[in-house]
1. Tell me, what ³J(HN,Hα) does each residue in the stretch 346-354 have, in order and in whole Hz, if you take phi through Karplus 6.51 cos²θ - 1.76 cosθ + 1.60 with θ = phi - 60° and put x for Gly and Pro?
2. Which of 113, 45, 210 sits farthest toward the positive end of the charge dipole of the chain, with +1 on the Cβ of Lys and Arg and -1 on the Cβ of Asp and Glu?
3. So which of 269/330; 170/269; 21/152 end up more than 18 Å apart, counting from Cα to Cα?
4. Remind me, relative contact order of the chain in percent, using alpha carbon pairs under 8 angstrom and six or more residues apart?
5. Rounded to the nearest 10 Å², what accessible area does residue 84 have for a 1.4 Å probe in the complete protein model?
6. Once the whole set of protein chains is in place, how much accessible area is left on residue 58, using a 1.4 Å probe, in Å² to the nearest 10?
7. Sorting check: for 281-289, 353-361, which peptide has the highest mean count of neighbouring beta carbons within 10 Å, and how do the rest follow?
8. Taking a 1.4 Å probe, which of 145, 206 shows the most accessible area, and what order do the others take after it?
Amino acid sequence: RPTTPTSIVIIGASGDLARKKLIPALFHLFCNGFLPERFRVVGFARTPLDDESFRQEVAETLTTRFQPEPGECALAVGHFLKRCHYHQGQYTRADDFRTLGRRIEGLAGPRSGLLLYMAIPPDVFLDTARSIRAAGLADEEERPWSRVVIEKPFGRDTASSSELTRALGKIFSENQTYRIDHYLGKEAIQNLLALRFGNRILEPLWNREHIESVEICFSEDIGTQGRAGYFDRFGIIRDVVQNHLLQALALVAMEQPIRLTPGEIAREKDRVLRATRPMNAASTLVGQYEGYRQEPGVPEDSITETFVRTTLHVDTPRWYGVPFEITAGKALAERKTEILVRFRDLPVAFFPGAATNTLRIRIQPDEEIELQLNNKVPGMNMTVTPVGLNMLYQQEFATALPEAYERLLLDVLRGDRSLFIQQEELAAAWEVVTPYLQERERLLKRPPEYPYGCQAPHIFLRSDETPYPGEEAPE
Ligand code: BG6
């Protein structure tokens, strides 16, 4: 537990991200004894609040989220609230950040470590960063450390993303910049490294000789949930494919890093992303759920995609010719993210009833790993049936899984950048999606609609696939 006094500043403290994810994550870290002994949480935003009313908001967030029972947890809420403060200001005014700096000095002393979390919309991003710099808050000579966490969107395409990286690079050093992708904070995603490089039995099979295809599927049973204004400017490809799903692909497909250091892991992810052929229209299908254009904040003629299905190819000796099927969609039948590795069938179909071996990695909900093998059906006949050997996190491990944001915030406090996105891999991921996105925007074609709540990935079928009963392929 670090002893350096630490100030955690949430810029955009009255927003959704702060309320839903950051405050609960900090509180949980506090309850589990992970926060430094002397810490302060300072909310910064435009909304006129004072310490008292901010604490009330925090208390509401925590009580709805954790339903604290009387006793220990209620006590913890009280202790946590005492360390929460609020500073009102404009994002673009350096003076407001100067007074914030003085406030922090008063609260935590002149030499506290400083974590600045930018939980703000992309259009005020750069100006805010400049104000922080001008106010001296990013100055590492002045304090033990100063780290800045930034959230996606990191641009809209290759050019705007590299422009943002360049502009931010003039304001903060790469070492103090923590680009968050909360999928990397998820247990089952982190486990990909352990699974692949910590098990003797997988590595010899983990290649084109033995693997037929890899599917990465993200499906949500909700629409844009009040975030339509943001979502409509980005779409599902920018929202989850460019970041979360390409990160998952990189971890599945990368070569073994020579060490488990942030630099070496990022290098291998970058290499594999650079070897990934850009998405193209011929192997991509997009869709938009019915009712999307009627949501507040969505223009009537929006062509934004809420569903995508695409096949990617990773041109490395290990993966050449193996399709990586990526599916992502909102407003589908269920909430599920998983990776399915299909092994090649045996050269001779020896047993009746045998099925393809698969390895299913369920990222959420109900994290699970399941290896499907063929097993003899007990009895007098020699027939086999596929059965799953599975490991459910919930059954196997007594401890509750930490929330992605908890793990990531703790890593920032510890100065560990392993689970954060580095600029080269960010650029490489944009290269994969940009040509297709630009083509779509040039053609201005509205995607076909799909009914809210329908099944994925079968809503759009390629011509070589058979529809599921009751589901028809679009014209
Ligand atoms: C965010 C996207 O990055 O991830 C959201 O902006 C999406 O649109 C969310 O809903 C999904 O995260 P999780 O952790 O709920 O799978």
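The values are calculated or read from the model by the stated rules, or taken from the named source; none is laboratory data. If you're wondering where the values come from, they're calculated on a predicted model, not measured in any experiment. Note that each Cβ is placed from the backbone with ideal geometry, even for glycine, and that neighbours are counted across all protein chains shown. Note: areas computed on protein heavy atoms with side chains; ligands, DNA, RNA excluded. Shrake-Rupley method; radii C 1.70, N 1.55, O 1.52, S 1.80 Å.
1. Karplus values, whole Hz, x for Gly and Pro: 5, x, 10, 6, 8, 10, x, x, 6.
2. Most positive-ward Cα: 113.
3. In this structure, 269/330; 170/269 exceed 18 Å between Cα atoms.
4. 16
5. Rounded to the nearest 10, the figure is 0 Å².
6. Answer for residue 58: close to 0 Å² accessible.
7. The most tightly packed comes first, giving 281-289, 353-361.
8. Putting 145, 206 in descending order of accessible area: 145, 206.
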